[in-house]
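Here the structure is laid out as structure tokens; the discussion comes afterwards.
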Amino acid sequence: MAELVTEANAMSPTVRAREVRKSFGSFEALRGIDLDINLGEVVCVIGPSGSGKSTFLRCINQLETIDGGAIWINGELVGYRRAGDRLLELSEREIARQRLATGMVFQRFNLFPHKTALQNVTEGPVQVLKTDKRKAESYGRELLGRVGLSHKCDAYPVELSGGQQQRVAIARALAMKPTLMLFDEPTSALDPELVGEVLSVMRDLAASGTTMVVVTHELGFAREVANRVVFMDGGLIIESGPPAQILGNPTQARTQDFISAVLS
């Protein structure tokens, strides 16, 4: 680990993962992940269920504790601090501070049902960042407009479609002004006719230069928006490269089989 920490100091992409491992009992979910994600880059992670895609995102956001290797965000080691030649685990408060650098959008929207769309978006800035309520509301209205929901500021989640709720969830994540946005299959829980409105918001985010890691089965979106596509299987990165290569002419047989199955 000490060698890994020294290595990361020389270069600092937005995310750097080295030899990341994670197990659940005897099951190895991640078996040594190496990946750099640069500022402004959109990386789409694809692969079969159980390949480790979502686990890797949760490790970046410290919702899961890694068992080996190391992750840095904006050049800062995640989950640990140096004390001489030792590495000490961070406190929950320090981890919460680090987590502010990332915004995460889940499959399920997890909105507060008793709060309006605007209140859901402003809750984090007001309670966590201690932002003035009026400033938070002004920015929250701006963000809801950005995701096409300026007319739904006062609506409660039960009054919104699944696609609208997911767009509120995206605005809520953006309200914390993260440097990195993580999307864990954000359209998988939506009816097919609602998928497009969420992907449209994500396209706009990508076009604005937002650094994004997207776990998705939407290969058309990956082909159109990603700078790089990463294919995972069995807790490993099997292949990584430009969308045209990975989706159109993959070199690994496992990637070829997966792409063929999804497109058939």
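Each reported figure results from applying straightforward, stated rules to the coordinates on display, with no laboratory input. Predicted, not measured: the structure shown is a model, and the values here were computed from it. Here the Cβ positions follow ideal geometry from the backbone for every residue, glycine too, while neighbour counts run over all protein chains shown.
Below are the figures for this structure:
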| quantity | calculated |
| --- | --- |
| Label-to-label distance, nm, for residues given as Thr179 and Arg21 (7 Å Cα→Cβ offset) | 2.9 nm |
| Karplus 3J(HN,Hα) series, Hz, for segment 118-134 with 6.51 cos²θ - 1.76 cosθ + 1.60 (x for Gly, Pro) | 5, 5, 4, 6, 8, 4, x, x, 6, 7, 9, 8, 6, 6, 4, 4, 5 |
| Environment charge at Val105 (Cβ cut-off 11 Å; Lys +1, Arg +1, Asp -1, Glu -1) | +1 |
| Computed E for Arg134/Leu39 - FRET, C-beta separation, R0 30 angstrom, nearest 0.05 | 0.45 |
| Gyration tensor verdict on segment 29-84 (Cα atoms; rounded if a/c is under 1.5, prolate if a/b is larger than b/c, oblate otherwise) | oblate |
| Per-peptide average of other Cβ atoms within 10 Å, ordering 224-236, 135-147, 89-101 highest first | 224-236, 135-147, 89-101 |
| Cα-based shape type of segment 87-242, given that a ≥ b ≥ c are square roots of the gyration tensor eigenvalues and the cut on a/c is 1.5 | oblate |
| FRET efficiency for Ile95 and Arg223, using Cβ-Cβ distance with R0 set to 25 Å, rounded to 0.05 | 0.10 |
| Global geometry of the chain, whether rounded, prolate or oblate, following the gyration tensor of its Cα atoms and the 1.5 cut on a/c | oblate |
| Pairs beyond 23 Å (Cα-Cα), from Lys115/Lys152; Lys130/Lys177; Lys22/Lys130; Lys115/Lys177; Lys53/Lys115 | Lys22/Lys130; Lys53/Lys115 |
| Where labels lie 7 Å past Cα in the beta-carbon direction, separation of Asn249 and Ser264 in nm | 2.4 nm |
| Relative packing of peptides 196-206, 212-222 - highest average C-beta neighbours within 10 Å first | 212-222, 196-206 |
